[in-house]
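The values are calculated or read from the model by the stated rules, or taken from the named source; none is laboratory data. The model shown is predicted, which means the values in this text are computed figures rather than measured ones. Cβ: placed from backbone, ideal geometry, glycine included. Neighbour counts: every protein chain shown.
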Amino acid sequence: MRSLPVFADLRAFLAWAEGAGDLARLAQPVSIRHEMTAVELACLQKSGPILRFDHATGADGARAAMPVVANLFGTRDRVAAGLGLALDEVPALGEFLAALRSPPPVDGMRDALSRWPMLKAALSTRPKPVRRAVCQETTLPDLGAIPVQTPWPGDAGPLITWPVVVTRPHGGDVDDVARYNLGVYRAQVIGPDRLILRWLAHRGGAAHHRTWDRAGAPMPVAIALGCDPAMLLSAALPLPETVSEMTFSGVLRGARTEIVKAQTVPLMVPANAEIIIEGWVHPGETAPEGPFGDHTGYYNAAEPFPVMRVSRITCRRDPLYLTTVTGRPPDEPSVIAEVFNDLALPVIRQQIPEVQDLYLPPAACSYRMAVVKIAKRYPGQARRVMMALWGMLPQFSYTKIIVVVDSDIDARNWDDVLWALATRMDPGRDLMVLEGTPMDYLDFASPIEGLAGKLGIDATTKIGTETTRDWGTVMHLDPAHEARAAELLKGILK
Ligand SMILES: Cc1cc2nc3c(=O)[nH]c(=O)nc-3n(C[C@H](O)[C@H](O)[C@H](O)COP(=O)(O)O)c2cc1C
């Protein structure tokens, strides 16, 4: 399956990208306070390279102690490369993910292994504990030594944007890494040894936190900064609960994940990271997090989230700091989401087989709107598909608008979708409006926090009892004439 070299750590990926002319080093001073964001976004908008800021400066103008790396996954090709694949190989990985979720085939494991060679790889890529690790070569005195960006002018303070937050449930064993959760949850720096961890309530990290809170015990947490691309993307992927990110990243990487004991907390951490922040979350201790510029394009309101007290920061001798920026799309997370869209498609089709394509336009914050292409066979089917998406698949809980189109429409082409809306949809008949459904607190347009409406738009051809009128026939040219036109115009059209 893997067509690229193994990227054992972030540096290996950077070296590969640099070799391909896909990494630019900036020697000029760039401030981590607001200014760096403008450079990152301008680069991302032009599908530019990975950026390495060799002279990042702090709020006081002083040179940062380490280089800052940004725009790592600023193109879909680089996201695919981070998965170990070329972009056109992503759907096959999606099929594999769908297989991971499905029950074992009737013929048992042998059949599963023969059908899914990667499943075999998955089983043989359990994490490998090591005694010495580069992420523990030395230590940093406090969080002030890390050049943490303050991305937007209205932000509350410095924000760690690419942390891989490592947690395990209360009562679990330190060595039982299969039960660990790794998630990307932004972390606000509120002091030299204090962070706020913003894991939203439905995330794996928050679920683990509840187990420690209930037991009244402090929770060990580690934050890995500058992980290898497979680890970063595994932590960002909504993997099934039963699949460990540590193991899965081994599948993507094509090599086992090396892990090492943290020094001051009972946790195993990724050995190849640039920096590891260790610490504890004490029961009931929270602080108001934010406001910060979010992926919606707005600042979100301050909300209480758990505080992490830092007990040690270990790092490589010459660490790099990896950062990103969230903002109105396109931003780096929206580019990642576009690739994840294609990864998720086979899982969706497993549940709703008539779905031929599903597109989450990045401009609509990657999840607030979906365009679904179906093979329509019976009246009312478009509405059934809308309800199935909202009802069966948790990732569509916050999708405010679903547009359903026929199989002759390209769901990813707005000209096609608008034509379908303009010609196959009647606003009096084809809208399905729901009220009082779940919504994330970031959506200030909903009348009540947490509860919002949903709109389904049926832009499919109406069939059977859906209409009493003669439906229009789509016009098509004779293919022979089209071929002749192409020939005649060969030298004329560029
Ligand atoms: C750059 C980036 C920043 C993110 N920030 C947050 C965040 O602040 N809070 C959050 O709950 N999820 C955030 N996410 C999304 C989660 O990391 C993602 O949904 C992941 O699958 C969660 O893992 P889990 O299902 O194990 O909790 C972010 C993702 C990326 C790529």
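Looking only at the range 153-197, filter to residues that are modelled with pLDDT of 95 or more and either small (Gly, Ala, Ser) or not assigned by TED's automatic domain parsing to the domain that holds residue 208 (or both); which one of those is surrounded by the most Cβ atoms within 10 Å (Cβ to Cβ)? Per the criteria, the residue is 187. Checked against (1) under 20 Å from residue 469 (Cβ atoms); (2) assigned to a loop (DSSP other than H, G, I, E, B), residue 407 passes all but condition (1). Annotation: of all residues in the range 318-357 being at pLDDT 95 or above and among the acidic types (Asp, Glu), the one that is nearest to the ligand (Cβ to nearest atom) is 332. One residue alone among 442, 389, 421 is in contact with a helix residue (DSSP H, G or I) (Cβ under 8 Å, 6 or more places away or on another chain) and either of a type in the set (Gly, Ala, Ser) or surrounded by 12 or more Cβ atoms within 10 Å (Cβ to Cβ) (or both), and that residue is 389.
Do you know which residues across the range 198-216 are at pLDDT below 95, surrounded by 14 or more Cβ atoms within 10 Å (Cβ to Cβ) and more than 14 Å from residue 168 (Cα to Cα)? Listed by number, the list holds a single entry, 200.
Which of the residues that make up the range 25-62 are of a type in the set (A, V, I, L, M) and in contact (Cβ under 8 Å) with a residue 40 or more places away in the chain? Hits for the range 25-62 are 32, 36, 41, 44, 56, 59. Across the range 375-386, what is the total count of residues that are of a type outside the set (A, V, I, L, M, F, W, C) and either assigned to a loop (DSSP other than H, G, I, E, B) or surrounded by 20 or more Cβ atoms within 10 Å (Cβ to Cβ) (or both)? The qualifying residues number 5. Taking the range 18-40 as the range and being in a helix (DSSP H, G or I) and either surrounded by fewer than 20 Cβ atoms within 10 Å (Cβ to Cβ) or hydroxyl-bearing (Ser, Thr, Tyr) (or both) as the test, the residues that pass are 18, 19, 35, 37, 38, 39. All of (1) at pLDDT below 95; (2) in a helix (DSSP H, G or I) hold for residue 444 with one exception: (2).
Are any residues in the range 420-433 within 31 Å of the chain's Cα centre (by Cα) and part of a helix (DSSP H, G or I), and if so, which ones? It would help to see each step written out before you state the result.
So in the range 420-433, the residues within 31 Å of the chain's Cα centre (by Cα) come out as 420-421, 431-433.
Selection gives 420, 421.
Exactly one residue among 78, 11 is surrounded by 17 or more Cβ atoms within 10 Å (Cβ to Cβ), at pLDDT 95 or above and under 29 Å from residue 358 (Cβ atoms), and that residue is 78. In the set (1) surrounded by fewer than 20 Cβ atoms within 10 Å (Cβ to Cβ); (2) in contact with a helix residue (DSSP H, G or I) (Cβ under 7 Å, 6 or more places away or on another chain), the condition left unmet by residue 372 is number (1). Every condition in (1) without any contact (Cβ under 8 Å) to a residue 40 or more places away in the chain; (2) over 30 Å from residue 198 (Cβ atoms) is met by residue 472 except one, and the failing one is (1).
The residues in the range 275-317 that are surrounded by 21 or more Cβ atoms within 10 Å (Cβ to Cβ), of a type in the set (Gly, Ala, Ser) and away from the ligand (no atom under 16 Å from the Cβ) can be counted, and the count is 1.
Within the range 446-469, which residues are exposed (fewer than 10 other Cβ atoms within 10 Å of the Cβ) and either without any contact (Cβ under 8 Å) to a residue 12 or more places away in the chain or in contact with a strand residue (DSSP E or B) (Cβ under 9 Å, 6 or more places away or on another chain) (or both)? Answer for the range 446-469, where residues must be exposed (fewer than 10 other Cβ atoms within 10 Å of the Cβ) and either without any contact (Cβ under 8 Å) to a residue 12 or more places away in the chain or in contact with a strand residue (DSSP E or B) (Cβ under 9 Å, 6 or more places away or on another chain) (or both): 448, 468, 469.
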